Amino acid sequence: MISTVDTWDLARLGREQRGEAALASFARLLDGLPAQAESLVSWAIAGQTDALQRRYITLRADATVRMVCQRCLAEFDLPLHVETRLQLVETEAEIQAEESGEDDPEAPDQVLGSSFFDVLSLVEDELILALPYVPKHEVCPSLPKELNDSEGGDAGRPSPFAVLAKLKKD
Ligand SMILES: [Zn+2]
């Protein structure tokens, strides 16, 4: 299993490298989440050098993470897709100089390049950022239809809200 890449080579050659890793190996990502189905996280990292000799990597990763819906408390599988572009720098000092200066807000974040770049750690960081703060089904399967459907209940049956309103009136 590939766990490190040479970011300098990727940027110089404009190459892409791909790999997969077991979801179970991402301990930080899974901290606090329910037991996961066995699955793979797939990733791709592409290097690029622009006309000004600035070097970049673009990371993409796909994973499916089991989460607990905060509306109905059932577990569900949430597909995550992340994509991020980072500028490679050679020293920590460059990153600090950039952060303290008047930065272009459009400029990509910077990351320390390496011949043995820990790509799985970056994949994990990005997936953690992509986790929803309040995970929810788009439509909860176990709730009554009326609670999911903003249009109201079936024409043939009164909605529980309509019944409730009638009871209150009486
Ligand atoms: Zn739900």
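Just so you know, all these numbers are worked out from the coordinates, no wet-lab data involved. Note that the structure is predicted; figures quoted are calculated from it, not measured. As a convention, Cβ positions derive from the backbone with ideal geometry for all residues, glycine included, and neighbour counts pool all protein chains shown.
Quick notes on this one:
- For Ala35 and Arg18, the difference between the fully extended length at 0.36 nm per residue and the C-alpha to C-alpha distance is 3.5 nm.
- Distance between the pseudo-spin-label points of Ser114 and Glu90 (7 Å out from Cα toward the beta carbon): 1.8 nm.
- Extension gain for Val68-Glu99 works out to 7.5 nm (0.36 nm per residue, less the C-alpha to C-alpha distance).
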